[in-house]
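The structure appears right after this line, and notes come after that.
The values are calculated or read from the model by the stated rules, or taken from the named source; none is laboratory data. Remember, it's a predicted structure, so these values are computed and weren't measured experimentally. When we count neighbours, we look across all protein chains shown, and the Cβ atoms used for this are built from the backbone with ideal geometry, even at glycine.
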Amino acid sequence: MQNLMVELPKLKICVVTGQLGKVLSGPGIHAQNLIAHLVRDGHEVVAISLTTQQPDVPSGFRFVGVNRPVFASSQARWMSMSLQFARCLQRLEKEERFDLVHFTDARDSFFCRTHSPRIGNVNDTYAAELRPLTFYLSNYNDGLLRWGYYHWVHGFERTFLPKLDAIIANSRYTEDVLKRQYPAASPKVFMIYKSIEASHFKDVLQARQLQAHDRSLILMVGSNLQRKGIRILIRAAPQVIAAFPDAAFVIAGSDPAIPALEKLCRERGVQKSFQFLGGQSRKQLAALYQQATLLVLPALTEALGIVLLEAMACGVPVIASRVGGIPEIVQDGQNGLLCPAQDARALADAITTLIQRKDLQEKFVRNGYETVNQFSVEKMMTETYQLYQHVLDAQRGRQAL
């Protein structure tokens, strides 16, 4: 696929997404950005999602809802959603045709068969990049179950990803993992970075510049706290609290293991310094970014790390583990700090250093905002349109044979 400017004809595109009205994670942010810009550029958009994800006021596109998945609170909910999306698409295609069907999570496409070319985003690598059982047992409450589930999903991905017309990896790291682990899908894998609208965080950035931060507030944001490395942060906390007794650790994100994590905090004697808020709305997250001294992402595995871009857009310095696609965003010592994965002492050292060093905070804020501009929605859409054109050209070539 050549890196050229593309002027597409006006298309009819079906976007299939598990998140739309209520954003829970990176795929939801991507779905909102994608649909908004497709509509802005004059394309006809039909969005399929859960009925609970219907926007209050769909702006310029048609919304089609499906029922809540059977396993709504399980990681395996994508299976039920894929079956429901498949039935919905089958019904729609009896009455209308789409130029493209774009799944914001490729797994949602696995049981869908369409007349139109299918494109799917891969947003993580935890199933593609399998680890030994001991890794899961030592890092997850449900280690054995998770180990089995990831192996099971790995088999599904190996079978069904090659059936898509194009696969979008969200980082160079994800692209490399997919091509190595699923060779049959390799020719169809293309890299397009996820993006954020920096302008959406302008008010937070301005508010931070006007307020003083008297207490050190260490913020962690993630929808799967165990995979995001919460245990590492809890183990690092005593060293941080010894240096800064008033330090507060605020955890925004859902995880069935929160009761067990709170117990771990009590065992480490840091329970008074930790606050588990559960899932937060975009408005609530903005308020947390406004108050935060820094953001940490000590992830065990991470395909990219959109939360790092959000923090940078808000003027919040970041610390993250050197895993996956994170180094494609964070350059150690330039726009943030990187630590070895699963190293609580290194994480504690990084946190205490950044709290102490106002000069580093200012440097990271300044350089972080420049980093955000490299992950713009406009760039993402230009590359997405190039991929759309590539897929449509390939389809015409097959039809001509």
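At a glance:
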read-out: Within segment 79-125, tally of residues that are within 22 Å of LEU20 (Cα to Cα), out of contact with any strand residue (DSSP E or B) (no Cβ under 8 Å at 6 or more places or on another chain) and not in a helix (DSSP H, G or I); value: 4
read-out: Members of segment 321-338 found to be of a type in the set (A, V, I, L, M, F, W, C) and either in a loop (DSSP other than H, G, I, E, B) or under 15 Å from ALA292 (Cα atoms) (or both), listed by number; value: VAL323, ILE329, VAL330
read-out: Enumerated helices (runs of 4 or more DSSP H) restricted to segment 126-223, each holding at least 3 residues that are under 16 Å from LEU300 (Cβ atoms) and among the hydroxyl-bearing types (Ser, Thr, Tyr); value: 133-139
read-out: Residue in segment 359-370 that is under 27 Å from ASN139 (Cβ atoms), in contact (Cβ under 8 Å) with a residue 12 or more places away in the chain and of a type in the set (D, E, K, R) present; value: no
read-out: Qualifying positions in segment 159-182 - more than 23 Å from GLN395 (Cα to Cα) and surrounded by fewer than 20 Cβ atoms within 10 Å (Cβ to Cβ); value: ARG172, ASP176, ARG180, GLN181
read-out: Any hit, segment 195-209, residues being in contact with an Asp or Glu (Cβ under 7 Å, 6 or more places away or on another chain), free of Cβ contacts under 8 Å to residues at least 40 places away in the same chain and buried (at least 19 other Cβ atoms within 10 Å of the Cβ); value: no
read-out: Filter result (over 15 Å from the mean Cα position of the chain (by Cα) and in a helix (DSSP H, G or I)) within segment 286-318; value: ALA286, ALA287, LEU288, TYR289, GLN290, GLN291, MET312, ALA313
read-out: Filter pass, LEU225 being buried (at least 18 other Cβ atoms within 10 Å of the Cβ), assigned by TED's automatic domain parsing to the domain that holds ARG322 and in contact with a Gly (Cβ under 9 Å, 6 or more places away or on another chain); value: yes
read-out: Answer residue from segment 64-87, given it is among the aromatic types (Phe, Trp, Tyr) and crowded, with 20+ Cβ neighbours inside 10 Å and is modelled with the highest pLDDT among those; value: PHE85
read-out: Hits in segment 88-130 - residues which are basic (Lys, Arg) and free of Cβ contacts under 8 Å to residues at least 12 places away in the same chain; value: ARG91, LYS94
read-out: Check on ASP332, at pLDDT 95 or above, of a type in the set (Asp, Glu), farther than 23 Å from LEU145 by Cβ and out of contact with any Lys or Arg (no Cβ under 9 Å at 6 or more places or on another chain); value: no
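The rows are residues; the columns are (1) on the phi > 0 side of the Ramachandran plot; (2) touching a Gly at 6+ places or on another chain (Cβ under 6 Å); (3) among the polar types (S, T, N, Q).
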{"residue": "LEU308", "(1), (2), (3)": "no, no, no"}
{"residue": "CYS314", "(1), (2), (3)": "no, no, no"}
{"residue": "ILE319", "(1), (2), (3)": "no, no, no"}
{"residue": "GLY324", "(1), (2), (3)": "yes, no, no"}
{"residue": "GLN331", "(1), (2), (3)": "no, no, yes"}
{"residue": "ASP343", "(1), (2), (3)": "no, no, no"}
{"residue": "ALA348", "(1), (2), (3)": "no, no, no"}
{"residue": "VAL372", "(1), (2), (3)": "no, no, no"}
